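Shown next, in structure tokens, is the structure this report addresses.
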Amino acid sequence: MNLTVLKLEVGEGIAWITINRPEALNALNTVFFREMEGVLNQLSGDKSVRVAVITGEGKAFVAGADIAEMAHMSPEEGSRFSQTGQAVFSHIEQMAIPVIAAINGFALGGGMELAMSCDFRIASSKARFGQPEVNLGLIPGYAGTQRLPRLVGLGHALYLLTTAEMIDAQTAFSIGLVQKVVEPEQLKEETLKIVQTIMAKGPQAVSLVKQVTRGGMLTDFESGCNLESDRFGSLFGPGSQGEEGMKAFLEKRKPEWK
Ligand code: CO8
């Protein structure tokens with residue numbers, strides 16, 4: 001696939017997806033959504049890839065949807081652009097592998113929405129977060145109004161959405177928006193360490209724990225528990241990864257995931 005605003009590097013089970021339009025602070029345009037959808041499809045078909053990381057080139061992770069592109073849209077085009085973004089971000093959420101946001105700088109508007117669609121977020125101490133849409137007379141259009149309160153609670157969400165305040169990485173950490181803050185020059189290394197930690201675990205278990213946890217957030221408690229016991233059971237039996245993991249523990253050796 002010919003990529004222009006994304007850079008994709010795949011190796012040793014890890015896919016690094018870099019948004020690479022630093023001259024526009026990696027603002028999200030139509031080309032981005034087309035390329036990201038293509039990359040997600042490609043990664044879904046590559047069973048060697050165990051974890052994906054999304055990051056940005058330059059001083060921004062993503063400074064929002066492309067305002068120059070949006071400025072000329074009709075109401076119908078605006079709705080379509082919103083739906084396209086929502087679909088691609090839902091695809092990120094539904095990937096069978098963990099997708100981690102490594103946030104190197106500004107994560108504003110659509111950029112914060114992109115980060116929120118990832119499974120968790122590691123931030124450089126230089127990162128800045130915000131939903132500045134109301135400054136432009138807009139609201140988030142890539143499910144930010146839905147994911148933000150689910151991640152940080154209604155009060156923090158409405159505070160950020162109505163004031164458009166830009167917060168630093170430590171504040172984002174304190175409200176649960178990011179899971180770890182690291183020095184800027186350590187971002188790649190620290191992210192890699194976390195990726196390697198995950199890759200040492202049972203691959204099916206990692207995939208299912210994501211599926212069950214996310215699935216449970218979209219349904220009621222009882223249905224979530226049913227989903228959990230169903231997937232729990234699928235990890236047992238001859239030749240299963242659960243069998244290997246438990247056997248390895250009892251034999252005091254490292255598991256060999258097949
Ligand atoms: N869109 C397009 N271009 C942008 C964007 C953007 N979101 N952000 C920055 N750029 C461009 C600038 O225009 C500038 O271009 P040029 O050099 O040609 O003038 C270049 O990137 C560098 O930016 P600055 O000179 O402004 O850099 P600073 O370091 O001075 O400032 C900021 C950095 C504070 C991040 C500043 O660029 C800024 O405020 N950017 C806009 C942030 C913003 O409002 N984001 C929200 C956008 S709206 C949104 O995301 C809605 C999502 C839902 C859409 C639903 C679909 C309809």
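Observations on the structure shown:
- Diffusion coefficient (Stokes-Einstein, Kirkwood radius over C-alpha pairs, 10 °C, 1.306 mPa s) for region 6-199: 96 µm²/s, rounded to a whole number.
- Portion, in percent, of the accessible area of region 203-250 that falls on carbon or sulfur, probe 1.4 Å: 65
- Ordering 154-164, 55-65 by mean Cβ neighbour count within 10 Å, with the highest value first, yields 55-65, 154-164.
- Cα-derived Rg to Rh of region 153-254, Kirkwood definition: 1.11
- Virtual spin-label span in nm between Val31 and Ser240, 7 Å along Cα→Cβ: 4.8
- Computed with a 1.4 Å probe over protein heavy atoms only, the accessible surface of region 203-250 comes to 67 Å² per residue.
- As a calculated quantity, the FRET efficiency between Ala164 and Glu76 at R0 = 30 Å, using C-beta atoms, amounts to about 0.70.
- Diffusion coefficient (Stokes-Einstein, Kirkwood radius over C-alpha pairs, 37 °C, 0.692 mPa s) for region 203-250: 289 µm²/s, rounded to a whole number.
- Relative contact order of the chain, pairs being alpha-carbon contacts under 8 Å that are 6 or more residues apart, as %: 14
- In plain terms, the chain from Glu256 to Glu185 could stretch by 22.2 nm, reckoned as 0.36 nm per residue minus the Cα-Cα distance.
- Average accessible surface area per residue within region 6-199, 1.4 Å rolling probe, Å²: 44
- Of the beta bridges in the chain, as assigned by DSSP with both residues counted there, near 25 percent are antiparallel.
- In region 1-61, the portion of solvent-accessible area held by carbon and sulfur atoms comes to 48 percent [1.4 Å probe, whole percent, DNA, RNA and ligands not counted].
- Over region 85-137, equivalent-ellipsoid semi-axes from the Cα gyration tensor in Å: 20, 16, 5
- Rounded if a/c under 1.5, otherwise prolate or oblate - region 44-110, Cα gyration tensor axes: oblate
- 17 Å Cα-Cα reach of Lys59 towards lysines, excluding residues that sit fewer than 8 places from it in its own chain: Lys7, Lys126, Lys188
- Pairs beyond 20 Å (Cα-Cα), from Lys47/Lys180; Lys47/Lys258; Lys47/Lys210; Lys47/Lys201: Lys47/Lys180
- Take each peptide in 176-187, 66-77, count the other Cβ atoms within 10 Å of every residue, and average; sorted highest first, the result is 176-187, 66-77.
The values are calculated or read from the model by the stated rules, or taken from the named source; none is laboratory data. Source: prediction; values computed, not measured. All Cβ positions, glycine included, derive from the backbone under ideal geometry; neighbour counts span all protein chains shown. In case anyone asks, the SASA skips ligands and DNA or RNA and just uses the protein heavy atoms, side chains included. Shrake-Rupley method; radii C 1.70, N 1.55, O 1.52, S 1.80 Å.
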